[in-house]
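The values are calculated or read from the model by the stated rules, or taken from the named source; none is laboratory data. Fair warning: this is a prediction, and the values are worked out from it, not measured in the lab. Virtual Cβ from ideal backbone geometry, glycine too; neighbours counted across all protein chains shown.
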Amino acid sequence: MSALPTFMKFIVVLVMSPLILLTTSIPCTFALEFDMLFQTKCVMEEISKNVLAVIDYEGFKRDSPSEKVPLSVKVEDPYGDVVYVKDNSEGEHYSFTTKRQGDYKTCFTAKDLQTAKTTKVRLDWKTGVAATDWDAIAKKDNLNAIAAELKRMEELTKEIHEEMLVMKQREMQMRDMNESTNSRVAWFSVTSLLVCVGLSIWQLYYLRSFFERKKLL
């Protein structure tokens, strides 16, 4: 009887493995390094409403990565409201929950242009499920590895579903825009045709009157 739970766990892992591979392949995070080049450089990320976002960043010398460079950092929401601001920061870990849907902008500013030209920034931006500390949740709720992974997959599935709903809404908006544009183009074409026909009739009438006055007809 004691072998049954172990066997059932093996079956669960075997069945859920393809789903784990599928869900983990969906990007919920991005990390990048880039040269400043300009005194201020911004990165934008589109995030849905009520989503946890985690930002890790650091500035360092391009030719000497171990030498940190202090930067001023500011995060703005889609309406331009400041979510986070920090001056002379060499790097930090910051998390927040979005209140609006749209493009969130993170701007890095060096003290001068010369410093910016020799500075690189490493940015790790996680959102949603990828930003959640699942190890802490597993310890808090006393979950084993399989239960924690299933919970993570459940949340990721919800996130994917919400993203699909957003994409569907945007598709409907684009369809309505296309239909409105097509309708306007059709009416413009009809109006242009009527104007051309009217001008042609007027030209014929004018030419006929002209030739009659000149007694050419």
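Annotation note: Cβ proximity below 8 Å between a residue of region 91-109 that is in contact (Cβ under 8 Å) with a residue 40 or more places away in the chain and a residue that is among the β-branched types (Val, Ile, Thr) and not in a strand (DSSP E or B) (sequence gap 6+ or interchain) occurs for THR97/VAL51; THR98/VAL51; GLN101/VAL166; TYR104/THR98.
From the residues in region 44-78 that are of a type in the set (Gly, Ala, Ser) and over 26 Å from ALA116 (Cα atoms), which one is surrounded by the fewest Cβ atoms within 10 Å (Cβ to Cβ)? Break it down into steps so the answer makes sense when it comes.
Step one: of region 44-78, the residues of a type in the set (Gly, Ala, Ser) are 48, 53, 59, 64, 66, 72.
This time we only want the ones that are over 26 Å from ALA116 (Cα atoms), so: 48, 53.
Values: SER48: 16, ALA53: 22.
Per the criteria, the residue is SER48.
For the structure I just gave you, tell me whether PRO65 is more than 30 Å from LEU165 (Cβ to Cβ), of a type outside the set (Asp, Glu), at pLDDT below 90 and touching a strand residue (DSSP E or B) at 6+ places or on another chain (Cβ under 8 Å). Step through it out loud before you land on a result.
On the way: more than 30 Å from LEU165 (Cβ to Cβ): yes; of a type outside the set (Asp, Glu): yes; at pLDDT below 90: yes; touching a strand residue (DSSP E or B) at 6+ places or on another chain (Cβ under 8 Å): yes.
Criteria met by PRO65.
On the basis of being under 19 Å from the mean Cα position of the chain (by Cα), surrounded by 14 or more Cβ atoms within 10 Å (Cβ to Cβ) and either over 19 Å from VAL54 (Cβ atoms) or at pLDDT 85 or above (or both), does LEU123 make the cut? Taking the combined requirement at face value, the residue satisfies it. Can you find a residue in region 79-86 that is surrounded by 18 or more Cβ atoms within 10 Å (Cβ to Cβ), touching a strand residue (DSSP E or B) at 6+ places or on another chain (Cβ under 8 Å), modelled with pLDDT of 90 or more and over 21 Å from PHE38 (Cα atoms)? Yes, some residue in region 79-86 is surrounded by 18 or more Cβ atoms within 10 Å (Cβ to Cβ), touching a strand residue (DSSP E or B) at 6+ places or on another chain (Cβ under 8 Å), modelled with pLDDT of 90 or more and over 21 Å from PHE38 (Cα atoms). What's the total number of residues in region 61-90 that are part of a loop (DSSP other than H, G, I, E, B) and of a type in the set (A, V, I, L, M, F, W, C)? Residues that pass the stated criteria total 1. Picking from residues in region 30-60 that are part of a loop (DSSP other than H, G, I, E, B) and in contact (Cβ under 8 Å) with a residue 60 or more places away in the chain, the one that is nearest to the chain's Cα centre (by Cα) is SER48.
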